[in-house]
Amino acid sequence: MGKVIIAPSILAADFSRLAQEIHRVEAAGADWIHCDIMDGHFVDNISFGPEIVTIVRGLTGLPLDVHLMIEHADHYVPRFVKAGANSITVHVEPGAKHDVWKTLHQIRDAGCHVGLTLNPETSFDLVEPFMEKIDMLLVMTVHPGFGGQSFRADQMQKVKRARSLNGKIDIEVDGGINADTAGVSIENGANVLVAGTSIFHAKDYAKAIRELRGHPGNRAKG
Ligand code: DX5
Ligand code: ZN
């Protein structure tokens, strides 16, 4: 597995000075910018939409990793493509109310990195049929909707299974990722780490990113 990819989640950023936050985290060594889109229906929280993604697009050249925690993602995909998303990840749960095959093709046809994700409560069986059709599997390590939650180590068996099924795709983990949980995620096969609180609530963003990347268990140092 190549370099570990660090994707700070701007959900934890100080939105009153978003431009500084984006420039600061990019200078600190971020590889991607993770954008959490919540609609108050698929998850019990509301975050931001394509307009904010467009603003972030204008602030950085880093890849934008858009995580859609919304119902009817297929209806909104074109707006996030237009906003400048490089990667779009949709949920596999029936509660997301979209035709997963169709939406994955829609993202592919738009030239974006195709991501699929499952909640901790969701069986791996639901994503297995798609493993050869996606560029990235996002294994949620918290139930989606809020930052600052505790990492669920029981989800590592899904990471391990996914990596055993496909040695090429990106495997992303999201939720409760910090210097203590980064290593076990990478040891099980993840190569993309989303982190909100552990970066944006840190005094030194560069040190926080180095710790995520340089955890003793992380053999694939960036
Ligand atoms: C939660 C989001 C995560 C969250 C991560 O639903 O998908 O990206 O912002 O935040 P931390 O790293 O604080 O758990
Ligand atoms: Zn996320």
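Here is how the numbers come out for the structure above:
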| quantity | calculated |
| --- | --- |
| All strands (runs of 3 or more DSSP E) inside segment 82-155 with 3 or more residues being among the aliphatic types (A, V, I, L, M), loosely packed, with under 15 Cβ neighbours inside 10 Å and in contact with a Pro (Cβ under 8 Å, 6 or more places away or on another chain) | none |
| Some residue of segment 48-57 being of a type in the set (S, T, N, Q) and within 15 Å of ligand 2 (Cβ to nearest atom) | no |
| One residue from Val81, Val43 being modelled with pLDDT of 95 or more, farther than 28 Å from Arg163 by Cβ and touching a strand residue (DSSP E or B) at 6+ places or on another chain (Cβ under 9 Å) | Val81 |
| Residue under evaluation Ala73, criteria (1) within 16 Å of ligand 1 (Cβ to nearest atom); (2) within 15 Å of the chain's Cα centre (by Cα), criterion not met | (2) |
| Given (1) away from ligand 2 (no atom under 16 Å from the Cβ); (2) touching a helix residue (DSSP H, G or I) at 6+ places or on another chain (Cβ under 9 Å); (3) of a type outside the set (Asp, Glu), index of the condition Ser198 fails | (1) |
| For Pro78: the one exception among (1) away from ligand 1 (no atom under 15 Å from the Cβ); (2) under 14 Å from Val194 (Cα atoms) | (2) |
| Boolean, Gly49 is within 16 Å of ligand 1 (Cβ to nearest atom) and free of Cβ contacts under 8 Å to residues at least 12 places away in the same chain | no |
| Among the residues listed as Val139, Val184, Val194, the single one being touching a residue at least 24 places away in the same chain (Cβ under 8 Å), more than 24 Å from Val43 (Cα to Cα) and not basic (Lys, Arg) | Val184 |
| Residue within segment 83-95 that is within 19 Å of Gly111 (Cβ to Cβ), among the polar types (S, T, N, Q) and more than 16 Å from ligand 1 (Cβ to nearest atom) present | yes |
| Those residues of segment 13-37 which are in a loop (DSSP other than H, G, I, E, B), away from ligand 2 (no atom under 13 Å from the Cβ) and touching a strand residue (DSSP E or B) at 6+ places or on another chain (Cβ under 9 Å), in sequence order | Ala28, Gly29, Ala30, Asp31 |
| Residue match in segment 59-67 (condition: assigned to a helix (DSSP H, G or I), touching a residue at least 12 places away in the same chain (Cβ under 8 Å) and either over 14 Å from the mean Cα position of the chain (by Cα) or surrounded by 15 or more Cβ atoms within 10 Å (Cβ to Cβ) (or both)) | yes |
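The values are calculated or read from the model by the stated rules, or taken from the named source; none is laboratory data. From a predicted model like this one, the values you see are computed outputs, not experimental measurements. Quick reminder, even Gly has a Cβ in these numbers, built from the backbone with ideal geometry, and neighbours come from all protein chains shown.
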